[in-house]
Amino acid sequence: MTPSAIQVEERLASLGLELPQSSPSRANFLPYKRSGNLLFLAGQICEWNGKPQYFGPVPDGFDLEEAKAAARMCALNLLFNIKAATGSLDNVTSILRLGAFVSAPAGFADGPKIADGASELFIALYGEAGRHARTAVCVSSLPANALVEVDAIVELA
């Protein structure tokens with residue numbers, strides 16, 4: 001369970017955020033797969049209720065906070081799938097790993113800073129249990145021309 005008595009969805013609301021109503025798959029794969037107490041979450045792009053919101057590649061003179069919002073949107077889609085898989089966001093004991101992909105031109109060095117948008121949300125929601133290992137890489141393109149995609153592995157109670 002989470003480290004404090006405040007439920008995760010209450011904490012999410014206190015941040016002015018909410019879960020999307022859906023998080024549809026774009027191809028022939030499962031949005032998540034459970035093995036024991038591990039939940040493997042497929043990559044989620046920066047879309048809201050199935051509609052892409054942020055597009056790549058990262059433009060010249062990009063706004064870091066806006067790009068981090070794209071990564072945070074990916075995290076919200078991951079949270080939707082955690083809830084779909086387990087019935088409650090409070091069933092997470094640890095965010096183990098995130099993989100973040102940023103659509104960017106060759107030589108772009110700030111992909112990890114953009115990925116922080118997802119990492120910061122999990123830490124805000126789960127405290128120390130939200131701290132995780134992470135890979136953040138830049139790629140030439142993502143599904144639906146999205147700016148960011150994030151996947152995760154979480155430990156469940």
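Numbers at a glance
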item: Spin-label proximity, S140 to the stretch 83-118 - amide N less than 18 Å from point 7 Å beyond Cα toward beta carbon; result: 101-109
item: Size-normalised alpha-carbon gyration radius of the stretch 1-88, reference 2.2 N^0.38 Å; result: 1.21
item: Antiparallel DSSP beta bridges within the chain, as percent of all bridges there, nearest 5; result: 75 percent
item: Choice from R97, R11, R131 showing the highest fluctuation, given a GNM over the chain with Cα pairs closer than 10 Å; result: R11
item: 222 nm mean residue ellipticity, helices alone, for the chain (DSSP H n ≥ 4; -39,500 (n - 2.57); rounded to 500); result: -9500 deg cm²/dmol
item: Relative contact order, percent, the stretch 18-78 [alpha-carbon distance under 8 Å, six or more residues apart]; result: 40 percent
item: Computed label-point distance, nm, for sites F29 and S14 using a 7 Å Cα→Cβ extension; result: 3.4 nm
item: Q44 long-range amide H proximity, modeled H, under 5 Å; result: V150, D151
item: Ellipsoid semi-axes in whole angstrom, largest first, where each is sqrt(5λ) of the Cα gyration tensor of the stretch 89-155; result: 24, 11, 9
item: Distant-in-sequence amide H partners of V139 (H built 1.01 Å from N, under 5 Å); result: V102, S103, A104
item: Kirkwood Rh and Cα Rg combined as Rg/Rh, the stretch 3-157; result: 0.95
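FYI, it's all coordinate maths here, none of it is from the lab. Since this is a predicted model, take the numbers as computed values, not measurements. Quick reminder, even Gly has a Cβ in these numbers, built from the backbone with ideal geometry, and neighbours come from all protein chains shown.
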